[in-house]
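Notes follow the structure.
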């Protein structure tokens, strides 16, 4: 008989992995979403709209930046800056071995 209170549901992982990989992936995703999508795509979409504006899906985009566009711009700047911060932390973190969780080597 096995006491379920004493048996972990998932076997413990080997703690010897490289934490920098997650920091680099997270930082790259935040930079791509923040600066790429929220800043660059936002500004390009408003620049392409022209004086008369243009419909995009169910809303209309005009050449002027409204409250939503400025909010997305600001959030994109902050998100990209957090991504750069994660990349800098990843570069300052000492390198560890590349191991997959749960795999014995």
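Values quoted throughout were computed directly from the atomic coordinates according to the rules given, and no laboratory measurement underlies them. Note that the coordinates shown come from a computational prediction; the quantities given were computed from them, not determined experimentally. Neighbour counts are summed over all protein chains in view; Cβ atoms, including those assigned to glycine, are modelled from backbone coordinates with ideal geometry.
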Checking residue 35 against (1) over 30 Å from residue 94 (Cα atoms); (2) assigned to a helix (DSSP H, G or I): exactly one of these is not met. Which one? (1)
Answer yes or no: is there a residue in region 68-75 that is out of contact with any strand residue (DSSP E or B) (no Cβ under 7 Å at 6 or more places or on another chain), outside any loop (DSSP other than H, G, I, E, B), in contact (Cβ under 8 Å) with a residue 40 or more places away in the chain and surrounded by 13 or more Cβ atoms within 10 Å (Cβ to Cβ). yes
Within region 42-67, the count of residues that are out of contact with any strand residue (DSSP E or B) (no Cβ under 7 Å at 6 or more places or on another chain) and surrounded by 14 or more Cβ atoms within 10 Å (Cβ to Cβ) comes to 4
